[in-house]
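J.: Mind having a look at this structure? Questions to follow.
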Amino acid sequence: MPVVIGFEGSANKIGIGIVRDGEVLSNPRRTYVTPAGQGFLPGDTARHHRACILAVLQEALKQAGLTPRDIDAVAFTKGPGMGAPLVTVAVVARTVAQLWGKPLLGVNHCVGHIEMGRLVTGAQNPTVLYVSGGNTQVIAYSERRYRIFGETIDIAVGNCLDRFARVLKISNDPSPGYNIEQMAKKGQKLVELPYTVKGMDVSFSGILSHIEEVAHRMLAAGECTPEDLCFSLQETVFAMLVEITERAMAHSGSHEALVVGGVGCNERLQEMMGIMCQERGAKLFATDERFCIDNGAMIAQAGWEMFQSGQVTALEDSWITQRYRTDEVEVTWRD
């Protein structure tokens, strides 16, 4: 019964989780929150992570009721993500692994989301819609790889939402995407926005540039409310995502869809995906904010799968990379 501890810190969340044979024993995390109208910079985010990572580590062990001697392996996010935060977490994970005498496991962040989603929901072989602040991909498993059927050709959907939140000075607490979701529920008018699907890929930079340009003019003229703009942006970008996911499901003959990543806990996106799946006779799987949003347990779970299949990461190979594609990982733990 291997016990794996996972360190996640690729963006503004620092999380440490412990998993034992599919059971999440602990999963504490902290979030670096900036003032409304601002994003988070790599250096500032890394400083935040350095300030609290040891406290989160102690909390994870205490919640699980374990000591370092009970841990069998140490997993950490190898990438993708922001450079400085990734380095901060990797250094601590390497140090802990050497102090405790445990093997290291360098985990792909995207694969961590997928494996956590599969564990929590029980989905067997789903088409995956992975949507977050840094990534937007439609993925399906085939021949020991998570194959990318479609993706954003510019910015991620979460980045599009976050940057629009800065235009309206929407609070970053608990997250700009969550606050946009709440405002969108009060929207009454659908404002026409650019809809850009290119084959199996999507583009969000054009819709963001457009809404950044017209938002203040339309609001000043009384043509719409901030809630209308939030509603319209959500409806448009989510419709794009549902379209390419449905096309991937048709191509692969899949009867399961799994939504993962921070944007995946948006209830409206889950509702739209659910309607699509119902019309196709398929089943939708999704998780809540405990596991959709970046967390340490997802890295521990992916690390657990790697460890069980005989994978370990040598110390000299434990470097991080900001660009680490989902389909670069050999998935040795699946048939």
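The values are calculated or read from the model by the stated rules, or taken from the named source; none is laboratory data. None of the values given here were measured: they were computed from a predicted structure. All Cβ positions, glycine included, derive from the backbone under ideal geometry; neighbour counts span all protein chains shown. Calculation scope for accessible area: heavy atoms of the full protein, side chains included, ligands and nucleic acids excluded. Shrake-Rupley method; radii C 1.70, N 1.55, O 1.52, S 1.80 Å.
One line per residue, one yes/no per condition, for (1) over 27 Å from residue 33 (Cα atoms); (2) charged (D, E, K, R):
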{"position": "54", "(1), (2)": "no, no"}
{"position": "59", "(1), (2)": "no, yes"}
{"position": "66", "(1), (2)": "yes, no"}
{"position": "69", "(1), (2)": "yes, yes"}
{"position": "84", "(1), (2)": "no, no"}
{"position": "92", "(1), (2)": "no, no"}
{"position": "104", "(1), (2)": "yes, no"}
{"position": "109", "(1), (2)": "no, no"}
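J.: Name every residue in region 201-229 that is among the hydroxyl-bearing types (Ser, Thr, Tyr) and either part of a helix (DSSP H, G or I) or closer than 18 Å to residue 190 by Cα (or both), in order of residue number.
T.: 205, 209, 225
J.: Out of all the residues in region 173-204, which are open to solvent by less than 20 Å² (accessible area, probe 1.4 Å) and of a type in the set (Asp, Glu)?
T.: Residue satisfying the conditions is 181 alone.
J.: Then there is this: Are any of the residues in region 161-172 open to solvent by 40 Å² or more (accessible area, probe 1.4 Å), part of a loop (DSSP other than H, G, I, E, B), of a type outside the set (Asp, Glu) and touching a Lys or Arg at 6+ places or on another chain (Cβ under 9 Å)?
T.: no
J.: Restricting attention to region 256-282, which residues are without any contact (Cβ under 8 Å) to a residue 40 or more places away in the chain and acidic (Asp, Glu)?
T.: Once the filter is applied, which keeps residues that are without any contact (Cβ under 8 Å) to a residue 40 or more places away in the chain and acidic (Asp, Glu), region 256-282 yields 271, 279.
J.: What is the residue count in region 14-24 for residues that are surrounded by fewer than 21 Cβ atoms within 10 Å (Cβ to Cβ) and assigned to a strand (DSSP E or B)?
T.: Matching residues across region 14-24 total 2.
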